[in-house]
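A.B. asks: Sharing a structure here in structure tokens format.
Values quoted throughout were computed directly from the atomic coordinates according to the rules given, and no laboratory measurement underlies them. Nothing here was measured: the structure is a model prediction, and the numbers come from that model. Cβ atoms come from the backbone with ideal geometry, glycine included; neighbour counts cover every protein chain shown.
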Amino acid sequence: MRHAVERSIIVGEDLMPDIVQGQLGTRAATLGAVAYAVDRVSLTPQSASL
Amino acid sequence: MATQRRTPGSQTSLREANRARIVDAIKKHGGLTQVELAGATGLSPATVSNIVKELSTSGVLHTTQSIRSGRRAQHVTLAHALGLVVGVHFSTRHLRVALADVAHTVVAENHMPLARDHRADNELDKVSMLLSDMLDSVEATRDEVLAVGIALPAPLDRASGTIARSGIMRGWDGVVVAEAMERRVKRPVFVDNAANLTALAESRFGAGRGKRNSITLDIGDGIGAGLLLNGGLFRGNNGVAGEFGHTTIRENGPLCRCGNRGCLEAIAGGPAILDELRDHLGSLKLGDVVLQAMAGDAPASTSASQRRTSATCSIRSASWWAVSWPALASSSSARCGTRSSAPSSSART
């Protein structure tokens, strides 16, 4: 339990979040729309047989 | 043959739930080894193996041999042949359309410029025609399209399906975009804010991969943010949690496209920066100004510095940033990107 609490509050030395540049550029929102559509689709063995 | 009853807690319903967990985990991560699947779902390796075998046989999953940490592993993805999805992104000046399989592999892509005050009816017709051309190019039919996702550069009212604040996309006010697109393509359509879907993409395929909590700042003509909390998009009670671009930061400031004054976007968004620099640099595109600022051009850099006091990011940051908090991550994360180097935090055991 103590270890779980310690892990949950680990921060960097300067207590700042990582700030990084996005990697996907102008395609990001389009790829996000693709992922969003995939997430909303129900995939079952029945849909595979269509 | 008698059909099996799906009573709660029955073996059948449990098996279905476990199948769904495995499919959802693969949707989220794109592809995983069986060991990684067991970790991601909490299921035992034996259960994962049985279900993967069953779903591979039925055509839902596809497995290939791969190497992980020097050992042979079974890599699992969604079967490409399950169907296609479409991703559409309307920005203020561009339309982008991608046709992909359910394993997120893009098989066709197209983009075109849009007029400044584009209208929903014209542009949705355009998407429908583009989609037909793209399907022809990969010899696929519209019946193979399982769903369409659309990203819009505006906050959405999730109850009505319309843009939450009028004036931001004038030609789209009052349009229930999902329904309007469904009438044209005859396939299910799902719509969300572009900053949210940018955050989703960066978390799945880009800078935020592996991070459960992040904010993705989307700064260009408009300013917005997508929030990812505990692995899922956080939209807030009204669906506009990331819309910080329309926060008033200067009373009686410049008029914003949303109709208010002094919004962050009206001060630090692309059009505001271009307006200020027009006298010095003439007519330029925002991308050109960013390049000039990065090259140290005085007017462009000065504009950036002045706006830094008002905006959280300068013109040097006029791209897409992902921000993650190691404190909230479930495992240690190495620092990366443009920050100065520092030792990575390590998990105490």
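A.B. asks: Label B:Glu179 and B:Ser166 with points 7 Å out from Cα along Cα→Cβ: what is the distance between them in nm?
C.D. replies: 1.7 nm
A.B. asks: Taking amide H positions as placed 1.01 Å from N in the peptide plane, with prolines and chain starts having none, which residues 5 or more places from B:Ala79, or on another chain, fall under 5 Å of its amide H?
C.D. replies: Amide H to amide H, under 5 Å and 5 or more residues apart or across chains, B:Ala79 pairs with B:Leu61, B:His62.
A.B. asks: Using only atoms on other chains, find how many Cβ atoms lie within 10 Å of each Cβ of peptide B:87-95 and report the average.
C.D. replies: 4
A.B. asks: Let me check against my output: what whole-number percent is the relative contact order of segment B:200-299, with C-alpha pairs under 8 Å and at least 6 apart?
C.D. replies: Relative contact order of segment B:200-299: 16 percent.
A.B. asks: To the nearest 0.05, what FRET efficiency results for B:His80 and B:Met294 with a Förster distance of 41 Å applied to their C-beta separation?
C.D. replies: Efficiency, from the Cβ-Cβ distance: 0.55.
A.B. asks: Per q in 0.18 Å⁻¹, report the Debye log10 I(q)/I(0) for segment B:123-240, using one uniform scatterer on each alpha carbon and no solvent.
C.D. replies: Relative scattering, expressed as log10 I(q)/I(0), comes to -1.03.
A.B. asks: Whole number please: convex hull volume per residue, Cα atoms of segment B:1-81, in Å³.
C.D. replies: 107 Å³
A.B. asks: For the charge dipole of segment B:150-205, defined by +1 on Lys and Arg C-beta atoms and -1 on Asp and Glu C-beta atoms about the Cα centroid, which residue among B:Ala178, B:Gly167, B:Leu197 has the Cα displaced farthest towards the positive pole?
C.D. replies: In segment B:150-205, that residue is B:Ala178.
A.B. asks: Using each residue's phi in segment B:140-152, evaluate 6.51 cos²θ - 1.76 cosθ + 1.60 at θ = phi - 60° and report the 3J(HN,Hα) Karplus result to the nearest Hz, with x for Gly and Pro.
C.D. replies: Going residue by residue, I get 10, 10, 4, 4, 7, 7, 7, 6, 10, x, 10, 10, 10 Hz, with x marking Gly and Pro.
A.B. asks: Can you tell me the order of B:212-222, B:122-132 when each peptide is scored by its average per-residue count of other Cβ atoms within 10 angstrom, highest first?
C.D. replies: B:212-222, B:122-132
A.B. asks: Taking 8 Å as the Cα distance limit and 6 or more residues as the minimum spacing, I'd like the relative contact order of segment B:88-199 as a percentage.
C.D. replies: Relative contact order comes out at 26 percent.
A.B. asks: I've got another one for you. So, in nm, how far is label B:Ala20 from label B:Thr141 when the simple model puts each one 7 Å beyond its Cα toward the Cβ?
C.D. replies: Output for this residue pair reads 3.1 nm.
A.B. asks: So how compact is segment B:71-110: Cα radius of gyration and Dmax in angstrom?
C.D. replies: Over segment B:71-110's Cα set, Rg and Dmax evaluate to 14.2, 48 Å.
A.B. asks: Moving on to the next point. Per the Cauchy relation, a quarter of the hull surface: what is the mean projected area of the convex hull of the alpha carbons in segment B:203-258, in nm²?
C.D. replies: Across all orientations, segment B:203-258 yields a mean hull projection of 4.9 nm².
A.B. asks: Can I ask one more? Using Cα positions and a limit of under 22 Å, work out the lysines in reach of B:Lys126, with same-chain residues fewer than 8 apart set aside.
C.D. replies: Within reach: B:Lys186.
A.B. asks: So what's Rg/Rh here for segment B:23-179, counting alpha carbon atoms and using the Kirkwood radius for Rh?
C.D. replies: My calculation puts Rg/Rh at 1.09.
A.B. asks: Next up: Mind ranking B:190-199, B:287-296 by how tightly packed they are, going by the mean number of other C-beta atoms within 10 angstrom, highest first?
C.D. replies: Listed from highest to lowest mean packing, they are B:190-199, B:287-296.
A.B. asks: Same structure, new question: If the viscosity is 0.890 mPa s and the temperature 25 °C, what translational diffusion coefficient in µm²/s does Stokes-Einstein give for segment B:169-290 when Rh comes from Kirkwood over Cα pairs?
C.D. replies: My calculation gives 149 µm²/s for D.
A.B. asks: Okay, moving on. Under the rule of at least 5 residues apart or a separate chain, name every residue whose amide H is placed under 5 Å from the amide H of B:Leu146.
C.D. replies: For B:Leu146, the qualifying residues are B:Leu84, B:Val85.
A.B. asks: Output wanted: per-residue J couplings in Hz (rounded whole) for segment A:22-32, from phi through Karplus 6.51 cos²θ - 1.76 cosθ + 1.60, θ = phi - 60°, x for Gly and Pro.
C.D. replies: Calculated HN-Hα couplings, in order: x, 9, 9, x, 5, 8, 4, 5, 5, 5, x Hz.
A.B. asks: How large are Rg and Dmax for segment B:44-105 when only the alpha carbon atoms are used, in Å?
C.D. replies: Reported Rg and Dmax, both Å: 16.5, 51.
A.B. asks: Could you order peptides B:34-46, B:248-260 by the average number of other Cβ atoms within 10 Å of their residues, highest first?
C.D. replies: B:34-46, B:248-260
A.B. asks: Among B:Asp279, B:Asp24, which comes first, then next, by fewest other beta-carbon atoms within 10 Å?
C.D. replies: B:Asp279, B:Asp24
A.B. asks: Under 26 Å from the Cα of B:Lys211, which lysines turn up, not counting those fewer than eight places away in the same chain?
C.D. replies: Correct list for B:Lys211: B:Lys27, B:Lys28.
A.B. asks: Evaluate peptide B:191-202: per residue, the Cβ atoms of other protein chains within 10 Å of its Cβ; return the mean as an integer.
C.D. replies: Counting other chains' Cβ atoms within 10 Å and averaging over B:191-202 gives 6.
A.B. asks: Give a residue-ordered list of calculated ³J(HN,Hα) values for segment B:281-295 (Karplus: 6.51 cos²θ - 1.76 cosθ + 1.60, θ = phi - 60°; whole Hz; x for Gly, Pro).
C.D. replies: 10, x, 7, 9, 8, 4, x, 5, 5, 4, 5, 5, 5, 5, 7
A.B. asks: When Cβ neighbours within 10 Å are restricted to other protein chains, what is their mean count per residue of peptide B:146-153?
C.D. replies: Whole-number average of other-chain Cβ neighbours for B:146-153 is 6.
A.B. asks: Across bins of 10 angstrom width beginning at 0, how are the C-alpha pair distances of segment B:173-216 distributed, in whole percent?
C.D. replies: 26, 33, 26, 15
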